[in-house]
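*Asks:* Take a look at this one; I'll ask things after.
The values are calculated or read from the model by the stated rules, or taken from the named source; none is laboratory data. Keep in mind that this is a model prediction, so the values were computed, not measured. Every residue, glycine among them, receives a Cβ derived from its backbone with ideal geometry; neighbour counts consider all protein chains shown. Remember, those area values only see protein heavy atoms, side chains included, never the ligands or the DNA or RNA. Shrake-Rupley method; radii C 1.70, N 1.55, O 1.52, S 1.80 Å.
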Amino acid sequence: MTPDTARRRPQRVIPIAAQPLGGCSAGRQPAGKLAAAGAWLRDHGGLLRALQWAVVLVYAFLLIVPACIDLPDDSARMWNHLTIFAQFVFWGIWWPFVLLSMILFGRLWCGVLCPEGALSEWAAKRGLGRPIPRWMRWGGWPFVAFVLTTVYGQLVSVYQYPKAVLLVLGGSTVAAVAVGLVYTRGKRAWCRHLCPVNGVFGLLSKLAPLHYKVDEAAWKASQARQDKAASVDCAPLQPLRHMQGGSGCHMCGRCSDHRGAIALSLRSPSDEVVRVAEKEADGWQTALIVYGLLGVAMGAFHWTASPWFIALKQGAAEWLVDRDILWPLDTEAPWWLLTHYPQHNDVFSWLDGAALIAYVAATALALGSGILLQLAIAVRLAGRWRTQRLHHLAQALIPVAGCGVFLGLSALTVTLLKAEGYPMHWVNDARLTLLAGANLWALWLARAILARWGGPARRYLALLPLLGALALVDAAWGFMFWWW
Ligand code: SF4
């Protein structure tokens, strides 16, 4: 089913497993263990829904209960205070390992476990069923939603305080349900267009070795035979027949063996970036990689450790005091706007908030523009300039962008585990190994992309500025983990 079909009229969806029609997959186990795993997912929708509701309950508990109890004191630990336990689960395990799962299994998390996606789809089955409006289809949402959520999360200290977690994650969940209640009939319009991590998940899943492969010839043959095929309830509204990559697919398995043409399959982890992205890469994806993941996210991880941030803030404070402008030093902003926990000596002034935004924006602009410039030089050195080539080459940086968010988020995991007394002396070596692996992976992808454009001399010449772009990223992590 295409997105357009879904917009025109609500469809009654027939569960594939219950409809043994000619040419349809019902109950048949496709050849190969992986394809059979996809069919298993297809045939166990009820079990998956039960799993999703279990995750929803755990998620709701960890989201709501810590926000209703007292904040932990300095002696509290992960195993004796729910708030610290929830902090560890959300930011120490959940997020870093969901990101990692994208690279290993594609968006299986979205289709099988995500509580927000499950709730949005559940709401959409009961809602108004309106068509997806034009504003929601705007291609910039993945970038804008990611940037706004990241910056806002820092302003309210989402990694530290449960009320901020409830506001940011809970607010996103409420919005997902609201979108579900209004738009589409049983689909995931929220996930496809507005989810703040949709763009990031879509990029990382391009590296996954698993995808649902569509066999165009088998599809045509099925049509030629006039096989009856039940509709597939593809919640993220993927264009099944023409699906090339896995970045929009939630890996739910519902289309497995549809028309005998779709199967969960292995692929080269380079395939989507090198081949599919040649046409599908676009400016918003480039912005998300270069200015979002390698810029804004880097600034958001950096500022707490950065002496430059302190210098910026102190310089601004002195400038203001010299001119008798004192209101920016007030710390009376509400907790939902700026961090405000006076009982823990943790309050942000207006100046703190402005300095944070300025620091993150400056990091994003400096790093992002530096990387973009290196990419542009690489494209030019590789041959004739084409903007689409710039977007294609930017995709080679997905491994370092993904590794960066994993390293940044797992820094909290390490801090929490250290506080529990676990030995963490090996961590910096592990970080270095991960970073080195991501760099090599990025170079490998860049080499394969450049090989499509020209001969070896130009290809290797163009890799030089790529090394410059990677050096910028590595230097940013060097400051965070080794030099500050
Ligand atoms: S294309 Fe749609 S139905 Fe098929 S596995 Fe992906 S999300 Fe599920």
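*Asks:* Net charge near Val232, counting Lys/Arg +1 and Asp/Glu -1 over other residues with Cβ under 12 Å of its Cβ?
*Replies:* Every neighbour counted, the sum reads +3.
*Asks:* Same structure, new question: What number does the chain give for Rg over Rh if you use C-alpha atoms and the Kirkwood radius?
*Replies:* Radius of gyration relative to Kirkwood radius: 0.99.
*Asks:* Something else: Helix 115-124 against the longest principal axis of the chain: what's the angle in degrees, Cα atoms only, rounded to the nearest 10?
*Replies:* 50 degrees
*Asks:* So, in nm, how far is label Leu266 from label Trp385 when the simple model puts each one 7 Å beyond its Cα toward the Cβ?
*Replies:* Each label point lies 7 Å from its Cα, and together they span 4.3 nm.
*Asks:* Let me ask something else. Relative contact order of the chain, please, whole-number percent, based on alpha carbon pairs below 8 angstrom and at least 6 residues apart.
*Replies:* Value for the chain: 19 percent.
*Asks:* While we're on this one: Using only Cα atoms, tell me the angle between helix 95-105 and the longest principal axis of the chain; keep it within 0 to 90° and round to the nearest 10.
*Replies:* Around 30 degrees separate the two axes.
*Asks:* Could you sort the peptides 296-304, 33-41 by per-residue average Cβ neighbour count (10 Å cutoff), highest mean leading?
*Replies:* Values: 296-304: 22.7, 33-41: 17.4.
Most protected by this proxy first, the peptides run 296-304, 33-41.
*Asks:* Further question: Within the range 267-370, what whole-number % of the accessible surface is contributed by carbon and sulfur, with the 1.4 Å probe and all protein chains included in the calculation?
*Replies:* Whole-percent figure for carbon plus sulfur exposure: 63.
*Asks:* For the range 135-140, just list the computed ³J(HN,Hα) in residue order, Karplus coefficients 6.51, -1.76 and 1.60, θ = phi - 60°, integers in Hz, with x standing in for Gly and Pro.
*Replies:* 4, 6, 7, 4, x, x
*Asks:* Estimate the FRET efficiency between Trp79 and Trp327 by the formula 1/(1 + (r/R0)^6), using the beta-carbon distance for r and 51 Å for R0, to the nearest 0.05.
*Replies:* Efficiency computed from Cβ-Cβ geometry: 0.70.
*Asks:* For Ala36, project a label point 7 Å along Cα to C-beta. Then give me every residue of the range 243-266 with its amide nitrogen under 11 Å of that point.
*Replies:* none
*Asks:* How would Trp444, Trp327 rank on accessible area, largest to smallest, probe 1.4 Å?
*Replies:* From most accessible down to least: Trp327, Trp444.
*Asks:* Straight distance only, please: which lysines reach the Cα of Lys206 with their own Cα at less than 21 Å, same-chain residues fewer than 8 apart left out?
*Replies:* Partners within reach: Lys279.
*Asks:* Does anyone have the angle between helix 427-451 and the longest principal axis of the chain? Alpha-carbon axes, 0 to 90°, nearest 10?
*Replies:* The helix 427-451 is inclined about 50 degrees to the chain.
*Asks:* Okay, next question. Within 10 Å, count the other beta carbons around each residue, average over each peptide in 305-311, 229-235, and list them highest first. Present the calculation step by step, with values, prior to reporting the outcome.
*Replies:* Details: 305-311: 13.4, 229-235: 20.9.
Top of the packing list down: 229-235, 305-311.
*Asks:* When the accessible area of the range 163-210 is split by element with a 1.4 Å probe, what percent falls to carbon and sulfur?
*Replies:* Values: 940 of 1230 Å².
Roughly 76 percent, rounded to a whole number.
*Asks:* If you don't mind, another one. Distance from a point 7 Å along Cα→Cβ of Val89 to each backbone N in the range 132-173: keep the residues under 19 Å and list them by number.
*Replies:* Residues passing the 19 Å test: 158-173.
*Asks:* Give the residues of the range 150-189 whose amide nitrogen is closer than 14 Å to a point set 7 Å from the Cα of Lys125 in the direction of its Cβ.
*Replies:* Residues 181, 185-188 fall inside that zone.
*Asks:* Between beta-carbons, use under 15 Å as the cut-off and find the net charge around Ser349, counting Lys and Arg +1, Asp and Glu -1.
*Replies:* Values: positive: Lys313; negative: Glu318, Asp330, Glu332, Asp346, Asp352.
Once positives and negatives cancel, what remains is -4.
*Asks:* Next question, about the same structure. Explain nothing, just compute: Karplus ³J(HN,Hα) = 6.51 cos²θ - 1.76 cosθ + 1.60, θ = phi - 60°, for every residue of the range 458-465 in order, whole Hz, x for Gly and Pro.
*Replies:* 5, 4, 6, 5, 5, 6, 4, x
*Asks:* Moving to a separate point now. Given a Förster distance of 51 angstrom, what is the FRET efficiency for Ala358 paired with Arg134, based on the Cβ-Cβ distance and rounded to 0.05?
*Replies:* With a Förster radius of 51 Å, E is 0.90.
*Asks:* With a 1.4 Å probe and all protein chains kept in place, how do His81, His425, His392, His242 rank by accessible area, largest first?
*Replies:* Correct descending sequence by accessible area is His425, His242, His81, His392.
*Asks:* Solvent-accessible area per residue for the range 128-234 at a 1.4 Å probe radius, Å²? Write down the numbers at each step before the final one.
*Replies:* On the way: 4300 Å² over 107 residues.
Normalised by residue count, the accessible surface of the range 128-234 is 40 Å².
*Asks:* Provide the percentage of antiparallel DSSP beta bridges, counting only those with both residues in the chain; round to the nearest 5. Before the final figure, lay out the partial values.
*Replies:* Values: 7 of 8 bridges.
If we restrict to bridges inside the chain, about 90 percent are antiparallel.
*Asks:* So for the pair Ala60, Leu337, with labels modelled 7 Å out along Cα→Cβ, what separation do we get in nm?
*Replies:* Placing both labels 7 Å beyond Cα along the Cβ direction yields 3.2 nm.
*Asks:* Same structure again: Quick one: net charge around Thr173, please, counting Lys, Arg +1 and Asp, Glu -1 for every other residue with C-beta under 14 Å from its C-beta.
*Replies:* Within the 14 Å Cβ shell, the charges total -1.
*Asks:* Provide Lys279, Lys125, Lys418, Lys313 ordered by accessible surface of protein heavy atoms (probe 1.4 Å), highest first.
*Replies:* The residues order as Lys279, Lys418, Lys125, Lys313, largest area first.
*Asks:* Per residue, how large is the accessible surface of the range 304-443? Use a 1.4 angstrom probe and give square angstrom.
*Replies:* For the range 304-443, the per-residue accessible area is 50 Å².
*Asks:* Okay, moving on. Rounded to a whole number, what % of the accessible area of the range 26-98 do carbon and sulfur atoms account for, probe 1.4 Å?
*Replies:* It is 69 percent, rounded to a whole number.
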